[in-house]
Amino acid sequence: MTEQPSPFGNISVETFLQEYWQKKPLLIRNAFPDLEAPVGPDELAGLACEEDVEARLVVQNPENDDWELQHGPFNEETFAELPEKNWTLLVQAVDHWVPEATDLVEQFRFIPNWRYDDLMVSFASQGGGVGPHYDNYDVFLIQTQGKRRWEVGGFFDQNSPRRPNMPVMIIPDWEPEHTWVLEPGDMLYIPPQVGHNGVSESDDCMTYSVGFRAPSHAEILRSFTDFVGEKLTSESRYTDPGLALQANPGQIGPEALQQVRDIFNQYLNDDKQLSQWLGEFVTDPKYPDLDQSADEEIELAQLQAALADGDLLLSRNEGSRFSYYQLGESIVRLFADGKSFECSGVTCSLATSLCQNPNIVINQGEWSDDALTLLVELLNNGSVYCE
Ligand code: SIN
Ligand code: CO
């Protein structure tokens, strides 16, 4: 494996993972000294007016500490009516809509693809922020312009007090352990459940949040049991041919419990099935209702003809999630946007290469027909595209 460049200055990625990831916050001054922000305030406001884009406006009234939350899509009037201070606009999944954001996101691939959620970008006026809160996710907050004061500290959970009747989570009696003012290029890592409050100290504050996600146990259990359940026939049932006479027919005995545990284990111990479910589950697109499939389906012969004319640059769709599971030597299962493809031989290299690189160049004669057939499927599903 090639040495991973570190966005943590003189802290290596390995040290970051051992000492900070999911454990404690870390401030890195000047982590991205030459960052050219792919989206500025005007483009962000434009995105927030688009139908398919998830956007929020949070406005605080500092006089009575009231908070207001509006959901997009917005329009020019929304922005014209905003007060001068104390508001912030937040736009999710900016990387899905702005391909130039890929370079920044790629710097965080020391975390597996499937844990990545999205790039959220916020713009805040003086005093703007979303209030003291915690998230269940890891986030890297990168200041790209203006200044933001970050107050950080304490672990919180669902049982922690929060201000009632507020449209956003506000931790009452907020007392931070650290206060840092971030300037352009600075980055702050916040682990899940750590309280934080970012308040803009300028009129042009922009923060990029590279966010990660982790499925809840409830989501994992529901999704896995649905996946297994859909494949089973009604004849797969609890059986008890060795049933012994019980003193009380009302008793549910330990054998029944063991029998049920064995049923669960039977499915859990099947690695092939468990990995297929996990890969499909975690690569499901963030916005499954958005149709990303190609406008016109192509066939293998068309791809071959295009290759005969010259090399092709293929890019992963910015909103697509790619991962793979190694099933054996030269056999992998590729997952892309909730679908899976078993690949063997040279097709494995294509699959793993797509998981590693946002863009790949395809030459004529380099790949087998099986590999090209995989590409045709990915192109038709909209998981990859070709300029
Ligand atoms: C932001 O205001 O840009 C980040 C919001 C957050 O703390 O989650
Ligand atoms: Co947060």
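The values are calculated or read from the model by the stated rules, or taken from the named source; none is laboratory data. On a predicted model such as this, the values are computed, not experimentally measured, just so you know. Here the Cβ is made from the backbone with ideal geometry for all residues, glycine too, and neighbour counts use every protein chain on show.
Answer yes or no: is there a residue in the stretch 93-100 that is among the hydrophobic types (A, V, I, L, M, F, W, C), within 20 Å of the chain's Cα centre (by Cα), closer than 25 Å to GLU183 by Cα and more than 15 Å from ligand 1 (Cβ to nearest atom).
Yes: the stretch 93-100 contains one or more residues that are among the hydrophobic types (A, V, I, L, M, F, W, C), within 20 Å of the chain's Cα centre (by Cα), closer than 25 Å to GLU183 by Cα and more than 15 Å from ligand 1 (Cβ to nearest atom).
Out of ASP65, ASP42, ASP34, report the one residue that is closer than 13 Å to LEU89 by Cα, loosely packed, with under 13 Cβ neighbours inside 10 Å and more than 23 Å from the chain's Cα centre (by Cα).
Answer to the selection: ASP42.
For VAL361, work out the one condition from (1) surrounded by 15 or more Cβ atoms within 10 Å (Cβ to Cβ); (2) at pLDDT 95 or above it doesn't fulfil.
(1)
Are any residues in the stretch 17-72 acidic (Asp, Glu) and outside any strand (DSSP E or B), and if so, which ones?
Within the stretch 17-72, GLU19, ASP34, GLU36, ASP42, GLU43, GLU50, GLU51, ASP52, GLU54, GLU63, ASP65 meet the criteria.
Return yes or no: is GLY229 outside any loop (DSSP other than H, G, I, E, B), on the phi < 0 side of the Ramachandran plot and within 25 Å of the chain's Cα centre (by Cα)?
Criteria not met by GLY229.
With the structure loaded, tell me whether GLY195 is of a type in the set (Gly, Ala, Ser), over 29 Å from ASP103 (Cβ atoms) and more than 16 Å from ligand 1 (Cβ to nearest atom) or whether it fails that test.
In short, no.
Quick one: how many residues across the stretch 268-292 are over 15 Å from PRO215 (Cβ atoms) and not in a helix (DSSP H, G or I)?
7
I'd like the full set of residues that are more than 22 Å from PRO99 (Cα to Cα) and of a type in the set (Asp, Glu), limited to the stretch 294-333.
Once the filter is applied, which keeps residues that are more than 22 Å from PRO99 (Cα to Cα) and of a type in the set (Asp, Glu), the stretch 294-333 yields GLU297, GLU299, ASP309, GLU329.
So which residues in the stretch 196-207 are within 13 Å of ligand 2 (Cβ to nearest atom) and buried (at least 23 other Cβ atoms within 10 Å of the Cβ)?
HIS196, GLY198, VAL199, THR207
For the stretch 107-124, give me each residue that is closer than 14 Å to ASP138 by Cβ and within 16 Å of ligand 2 (Cβ to nearest atom).
Within the stretch 107-124, ASP117, ASP118, LEU119, MET120 qualify.
Among the residues in the stretch 173-193, are any surrounded by fewer than 19 Cβ atoms within 10 Å (Cβ to Cβ), over 24 Å from ALA31 (Cβ atoms) and away from ligand 2 (no atom under 14 Å from the Cβ)?
yes
Go through the residues of the stretch 295-303 one by one and say whether even a single one is in a helix (DSSP H, G or I), over 34 Å from the mean Cα position of the chain (by Cα) and in contact (Cβ under 8 Å) with a residue 40 or more places away in the chain.
no
Residue check: is ASP291 surrounded by 10 or more Cβ atoms within 10 Å (Cβ to Cβ), more than 16 Å from ligand 1 (Cβ to nearest atom) and among the charged types (D, E, K, R)?
no
Among what's in the stretch 131-170 and is in contact with a strand residue (DSSP E or B) (Cβ under 6 Å, 6 or more places away or on another chain) and polar (S, T, N, Q), pick the residue that is farthest from ligand 1 (Cβ to nearest atom).
The extreme case among them is GLN145.
Within the stretch 112-130, track down each residue that is near ligand 1 (Cβ under 9 Å from one of its atoms), in a strand (DSSP E or B) and not small (Gly, Ala, Ser).
If the condition is that a residue be near ligand 1 (Cβ under 9 Å from one of its atoms), in a strand (DSSP E or B) and not small (Gly, Ala, Ser), then MET120, VAL121, PHE123 are the ones that fit.
Would you say ALA336 is under 22 Å from THR102 (Cβ atoms), at pLDDT 95 or above and of a type in the set (A, V, I, L, M, F, W, C)?
Criteria met by ALA336.
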